[in-house]
Amino acid sequence: MSDLNTQKTLIVRRPLSEQVYQLLEDRILAGTIAPGTKLAEEAIAEEFGVSRSPAREAISQLEKVGLAEKSGPRDRRVVIPSRKTIIDVYATWIILETGRIYLSSLVATKDDHRRIREIVHGMEEALTANNMTVYQSWFSQFHTMLTGHCDNQLLNQALEGFERHRKWLAALYHSKPETSSRSLIEHKAIAKNYIKSDLVGITKALEAHMMRQRDSVLARLAVIEKTEH
């Protein structure tokens with residue numbers, strides 16, 4: 001019979017406001033709660049079975065991270081992204097992500113270089129076979145390899161916020177992952193410059209890739225705005 005006291009596990013109880021915040025954030029980032037949706041304390045409290053205080057704190061936290069905004073003296077709603085917001089998010093993302101990839105490349109080993117070549121080859125084969133499930137698996141590994149060696153925690157923490165907003169914008173206006181030959185060429189260029197630890201090359205390759213994504217998001221936003229008006 002095992003002794004339960006031989007190992008002690010610390011159980012951390014999260015405040016209700018944090019739990020409500022996480023649930024709301026997940027829905028907003030997935031696009032389930034649309035931009036402009038009213039965030040009413042009473043309705044949120046009723047849905048999650050909590051008092052209005054945790055609901056109020058959760059909404060306040062959403063406002064702090066830029067996912068909620070004032071729509072009246074006491075009212076809050078999910079942020080409606082503007083063109084400037086989209087441009088700013090992608091511009092900042094490019095700057096920070098370039099730094100992370102470059103720092104990661106400086107400590108990458110020859111085995112890492114071999115692996116990233118294998119991943120790019122796998123992406124190319126999957127794209128040729130039109131196997132998007134396999135392609136997305138390779139793509140996920142590609143991003144992990146590019147950034148995995150960056151140990152600058154301040155930079156990594158800063159990127160978490162912009163990762164949140166970029167994924168949100170993609171979910172709203174660019175929901176289908178891109179799997180074009182042009183995208184593959186851009187990933188090859190990023191990988192090539194990563195292996196060389198070429199800061200200028202990484203910057204140019206990443207900027208070309210991310211700016212095209214940004215333009216796709218802006219184009220989709222323009223279509224939606226035109227339809228709504």
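The values are calculated or read from the model by the stated rules, or taken from the named source; none is laboratory data. Every value quoted in this text rests on a predicted model; they were computed, and no experiment measured them. Backbone-built Cβ (ideal geometry, glycine too); neighbour counts: all protein chains shown. Accessible surface is based on the protein model in full, side chains and every heavy atom, while ligands, DNA and RNA are left aside. Shrake-Rupley method; radii C 1.70, N 1.55, O 1.52, S 1.80 Å.
Couplings 3J(HN,Hα) of region 194-201, computed from phi: 5, 4, 7, 6, 9, 4, 5, x Hz, in residue order, whole Hz [Karplus 6.51 cos²θ - 1.76 cosθ + 1.60, θ = phi - 60°; x for Gly and Pro].
Averaging Cα coordinates gives a centre for region 33-73 and one for region 184-229; these two points are 33 Å apart. Rounded if a/c is under 1.5, else prolate if a/b is larger than b/c, else oblate: which is region 177-219, with a ≥ b ≥ c the root eigenvalues of its Cα gyration tensor? Since a/c reaches 1.5 but b/c is at least a/b, the shape of region 177-219 is classed as oblate. Nonpolar atom fraction for the chain, defined as the carbon and sulfur part of the 1.4 Å probe accessible area, stands at 53 percent.
Distant-in-sequence amide contacts of ALA68, defined by a placed amide H-H separation under 5 Å and a gap of 5 or more residues or a different chain, comprise GLU63, VAL79. Taking the helices alone, the chain has a mean residue ellipticity at 222 nm of -24000 deg cm²/dmol, built from -39,500 (n - 2.57) per DSSP H run of at least 4 residues and averaged over all its residues. Karplus-based coupling profile of region 164-170, in residue order and whole Hz: 4, 5, 5, 5, 5, 4, 5, with θ = phi - 60° in 6.51 cos²θ - 1.76 cosθ + 1.60 and x standing for Gly or Pro.
Just how many % of Cα pairs in region 93-229 lie over 19 Å apart, if you round to the nearest whole percent? Above the 19 Å cut-off, region 93-229 has 54 percent of its Cα pairs.
Accessible surface for the chain, divided over its residues, is 61 Å² per residue with a 1.4 Å probe. Applying a threshold of 30 Å to the alpha-carbon distances of LYS188/LYS226; LYS110/LYS204; LYS38/LYS226; LYS64/LYS192; LYS64/LYS84 flags LYS188/LYS226; LYS64/LYS192 as lying beyond it.
Matching the structure-derived semi-axes √(5λ) of the Cα gyration tensor in Å against the labelled list [x] 40, 18, 15; [y] 35, 27, 17; [z] 77, 23, 13 gives the label [y]. Measure nothing but the geometry: give the 0 to 90° angle between the long axis through the Cα atoms of 83-106 and the longest principal axis through the Cα atoms of the chain, rounded to 10°. For helix 83-106, the angle is close to 50 degrees.
Here the spin labels are modelled as points 7 Å beyond Cα on the Cα-Cβ line, and at ASP111 and HIS149 they lie 1.2 nm apart.
The value of relative contact order for the chain, using C-alpha pairs under 8 Å at least six residues apart, is 22 percent. Computed from phi, the 3J(HN,Hα) profile of region 55-60 under the Karplus parametrisation 6.51, -1.76, 1.60 (θ = phi - 60°) reads 5, 5, 5, 5, 5, 4 Hz, with x in place of Gly and Pro. Spin-label model, ARG220 to ASP75: label points 7 Å out along the Cα-to-beta-carbon direction sit 2.8 nm apart. Roughly what % of Cα-Cα distances in region 44-154 sit above 26 Å, to the whole percent? Result: 51 percent of Cα pairs exceed 26 Å.
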